[in-house]
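**Q** I have a structure here, written as structure tokens, and I will follow up with some questions on it.
We did not get these values from a lab; they are worked out from the coordinates using the rules stated. Quick caveat, the model's predicted, so the values are computed rather than measured. Heads up, the Cβs are rebuilt from the backbone with ideal geometry, glycines too, and the neighbour counts pull from every protein chain shown.
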Amino acid sequence: MKPFTTIAACASLLAAGLLVNLVPTGAALIVAVVWGMVLAFSLPRNLSIVAPMFLLLSVPADHIATLNGPVQGFMVLGLLMILAASQLLRNRGRLSLRLDLDLLLLVTVLTIPTLLNLAGGESRGLLFWFAAVFALIWLRSAQGVVEDLPEQVMTAIVLAGSLGSVLAILAYVGTVDLAGIVPGYEPSALGFDSFMGLRASGLSGHPLRFGTLTMLGSIISLAWLAESQRTERSTVLATTSLGLSSLGLALSGARGAWLGLCLGVAAMILGQRDALARRRVVRLMVAISIGAGIIALSGFGAFLYERLAGSAAHPASWAQRQDALVAVAGWGRRIPLFGLGFGGATELTARMGMLLPNLENEYLRFLLAAGVAGPLVLLVMGVRRIRSAIRLPSGLTRSAGIGCLTALFVNMATYNLFSWSVAPSLFVAVAVLTLGKAREPLHADIVLAHRMAVRPA
């Protein structure tokens with residue numbers, strides 16, 4: 001570690017010792033924060049993003065018994081606060097959020113109505129978005145310093161999806177009990193039918209959340225395989241992660257994620273301008289089609305069909321979403337211009353004879369919570385970010401950015417994506433990558449000249 005980092009870490013440990021004596025009831029929390037800062041400082045640059053993000057995406061904090069209820073979301077918020085603070089200290093506080101006014105505006109239009117309607121409760125949803133702001137600060141302060149930041153973010157998503165898929169497969173065949181691996185883990189149980197059993201949740205706690213993670217992992221793996229500059233080792237890794245993520249997505253039964261995957265891949269192909277990469281994509285899609293045909297003729301084909309369009313396709317699911325649209329349209333005049341906040345939205349859906357999770361649509365949820373501004377800002381942000389991704393130079397970040405953003409905006413229309421505490425931060429991570437750098441790193445000659453107080457040649 002650099003001298004400044006070492007001094008900061010030692011000062012933090014000394015301050016922690018004093019605070020533990022003064023506030024013994026908060027000793028555990030203080031120790032956790034201090035050692036979290038020390039660990040964040042000690043991570044090398046090539047792991048400073050991928051390791052924490054992998055941890056965030058892999059630990060099912062929302063579904064661990066001791067972290068559920070009133071403290072849901074605090075783990076993600078606390079960890080991202082530590083990461084943001086350590087990254088700012090590590091990089092001497094350099095930060096620019098001028099490119100991310102749309103994300104900050106979205107958080108603002110969700111926050112103000114919720115604070116004005118605190119009597120209705122449901123302020124917990126704000127914790128998720130406040131955590132996303134710290135995720136934004138963490139990632140933006142690392143840009144220009146961590147050169148491979150996009151690759152680290154995408155690697156973390158792929159690794160988390162692949163690990164969840166491996167454990168979901170093992171749990172499906174009865175080899176592993178996930179509750180035994182993670183003490184207190186209580187995933188949500190959604191079933192297909194009495195014959196096919198439960199949908200897989202992996203380590204995400206919910207089948208639809210698991211479907212979202214494996215959807216993104218599949219898109220990034222496909223973009224990786226289409227990349228013109230890739231090694232034989234990266235090809236093997238991308239092929240493995242694609243197979244695991246696809247199988248995990250099938251086990252989740254998340255049809256909205258399948259729809260997002262299809263449209264995301266289509267957008268990625270249509271937006272491809274690298275001729276070599278385009279040919280790779282075409283060959284890859286032909287190979288996948290042939291593989292799908294072989295699977296369809298095998299016994300495994302019937303299994304996949306049941307997971308995607310058979311017993312997984314409950315008519316009640318479509319009816320529920322249709323009822324939500326009709327109910328919101330019928331009560332539209334009672335929604336204030338600036339929304340009801342999360343608490344007011346919960347109260348209104350109860351009057352409709354529904355629960356807020358039953359809306360299964362983030363655009364409707366944002367309409368109730370923030371008024372017209374909610375879904376409008378969300379859509380404008382999506383257009384801006386996808387457009388920016390299209391303008392990026394050809395490469396992995398461009399292809400994966402187009403595909404992942406398209407898939408996310410499709411998927412959030414099929415279920416309440418942002419009721420998952422880490423989802424807003426995941427959304428911010430993908431959105432940041434597609435909008436370029438907030439600042440460029442200084443050239444080495446300029447840095448040296450500045451230190452020597454001379455004019456660069």
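**Q** Give me the number: length gained by fully extending Arg98 to Ala266, i.e. 0.36 nm times residue separation minus the C-alpha to C-alpha distance, one decimal in nm.
**A** Working: separation 168, 0.36 × 168 = 60.48 nm, distance 3.11 nm.
Full-extension gain reported as 57.4 nm.
**Q** Within the set of other residues whose C-beta is less than 9 Å from the C-beta of Arg45, count the net charge using Lys and Arg as +1 and Asp and Glu as -1.
**A** Details: positive: none; negative: Glu147, Asp148.
Here the count lands on -2.
**Q** What FRET efficiency do you get for Val372 and Asn91 if R0 is 35 Å and r is their Cβ-Cβ distance, rounded to the nearest 0.05?
**A** Values: r = 38 Å, r/R0 = 1.10.
Step by step, r from the Cβ atoms, then E = 0.35.
**Q** Be a star and scan segment 240-270 for residues whose amide nitrogen sits under 16 Å from the point 7 Å along the Cα-to-Cβ vector of Leu190.
**A** Residues 248-261 fall inside that zone.
**Q** What distance in nm separates the two pseudo spin-label positions at Arg387 and Ser234, each 7 Å out from Cα along the beta-carbon direction?
**A** Those two pseudo-labels are separated by 3.0 nm.
**Q** At 0.36 nm per residue, minus the direct Cα-Cα distance, what do Val282 and Leu105 gain on full extension? Give it in nm, one decimal, please.
**A** Details: separation 177, 0.36 × 177 = 63.72 nm, distance 3.92 nm.
Value of the extension gain: 59.8 nm.
**Q** Taking the Cα-to-Cβ direction at Ala65 and at Val145 and moving 7 Å from each Cα, how far apart do the two end points lie in nm?
**A** 4.1
**Q** Additional query: Can you put Ile219, Ile49, Ile137, Ile390 in order, fewest other beta carbons within 10 Å first?
**A** Values: Ile219 31, Ile49 25, Ile137 21, Ile390 15.
Lowest to highest Cβ neighbour count: Ile390, Ile137, Ile49, Ile219.
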